[in-house]
Amino acid sequence: MGLTMQEKKALTGEVSKRYQKAGRKEKTKILDELVENTGYNRKYILHVLANWGKTATVRLKGKTARLKACGRKRRKGGGRKPKYTGEFVVVLRRIWAFFMYRCGKILSSFIRSQIKFLEAPFHVTPEVMELLLSVSPATIDRLLKGDRKKLAIKGKSGTKPGKLLKKQIPVRTYYADADKKPGFFEVDTVHHCGTSDSGEFCLTLTATDVYSGWVELRPTLNKAHKWVFEALVDIKSSLPFPLAGIDSDNGSEFINDALLKWCRSERIQFTRARAYHKNDNCFVEQKNYSCVRNFVGYYRFSAAAERDALASVYHSLCPLLNYFMPTFKLIKKLKLVQRQKRCMIKML
């Protein structure tokens, strides 16, 4: 077990007095001993020991200051005063909670575009308003880091494979240029089972358009594929653009004969992700949290009345997400360094 930084500093301070009075041979022994005990670089420790306790006079901004090389602790309370404190943080937390705990990048954009509607409901003073318009997304995330940790919780996955028709449904691992347009959706289900996935419980069908980020949410009474099928038909009829493709995981609620026949009859491209590769459906997986869990939580819903309550929530939530709530997506990737591929023999 090595020495701590405080112990190294204390040891260096004690040895420096002896070092500065010692002769050449004695200094060499002291250096060897201290390098072995502290692990410091020899040149560095030589400089520290030679100058420990010495003072120097410097002139900074027209003022004279005396500096002493003795490892003095930094004065408490120094540095710049915090800018975002008190009333500002309280108002920011209220706005963050009201707008469904969005990340700093989305929340800052939303605040700037809707600031005139926030002043009265959240009692925003002119001073706080000025700070809201100037705060950066990174600072918002930093100020709310502790509050976000308190909300962290993980749900259960109940995906069961549909084995019989998998060979008839092609696997998709990426989107070709021809498919980079509105109409190609990734779909998934969110299980509202609480802490136990036994028995029947409600699910939410999440469908998100890969190109635009358009999202549709529909609750189902249980995992029977007929409810998922009805929800997809309803989503298709409500979209402002044609449904061109569906990409799902390997769950039995999607991999079934009824959905496959419907897609073929409607000329909808039906693909699936690889088993155990959640990132193949990364777009909809992200929406499962930000658009479902953030709003309805991790509670257990199993009754028809609870399904209807979810439907009522989603009826108002989907227009809010699609028409008013800002979102962002990756535009492009740029490779800055590319390694040349060579045969092993050429590397010798």
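The figures follow:
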{"item": "Residues being touching a strand residue (DSSP E or B) at 6+ places or on another chain (Cβ under 8 Å), modelled with pLDDT of 80 or more and assigned to a loop (DSSP other than H, G, I, E, B) - total across region 165-187", "result": "5"}
{"item": "Residue tally, condition among the charged types (D, E, K, R), surrounded by 14 or more Cβ atoms within 10 Å (Cβ to Cβ) and closer than 23 Å to Ser198 by Cα, over region 286-313", "result": "4"}
{"item": "Test: residue in region 101-121 that is among the acidic types (Asp, Glu), modelled with pLDDT of 85 or more, in a loop (DSSP other than H, G, I, E, B) and within 34 Å of the chain's Cα centre (by Cα)", "result": "yes"}
{"item": "Unique residue being in contact with a Ser or Thr (Cβ under 6 Å, 6 or more places away or on another chain), hydrophobic (A, V, I, L, M, F, W, C) and either part of a helix (DSSP H, G or I) or under 29 Å from Tyr323 (Cβ atoms) (or both) when the list is Phe283, Phe270", "result": "Phe283"}
{"item": "Residue check for Phe98: modelled with pLDDT under 90 and of a type in the set (Phe, Trp, Tyr)", "result": "yes"}
{"item": "Selected residue [closer than 27 Å to Asp308 by Cα, at pLDDT 90 or above, in contact with a Ser or Thr (Cβ under 8 Å, 6 or more places away or on another chain) and not in a strand (DSSP E or B)] from Trp227, Trp262", "result": "Trp227"}
{"item": "Region 219-238: number of residues that are closer than 20 Å to Pro182 by Cα and surrounded by 16 or more Cβ atoms within 10 Å (Cβ to Cβ)", "result": "4"}
{"item": "Hits in region 117-138 (condition: among the acidic types (Asp, Glu), within 13 Å of Lys83 (Cα to Cα) and either surrounded by 11 or more Cβ atoms within 10 Å (Cβ to Cβ) or in contact with a strand residue (DSSP E or B) (Cβ under 7 Å, 6 or more places away or on another chain) (or both))", "result": "Glu130"}
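The values are calculated or read from the model by the stated rules, or taken from the named source; none is laboratory data. It should be emphasised that the depicted structure is a prediction, and the values quoted were computed from it without experimental measurement. Positions of Cβ are backbone-derived with ideal geometry, glycine not excepted, and every protein chain shown enters the neighbour counts.
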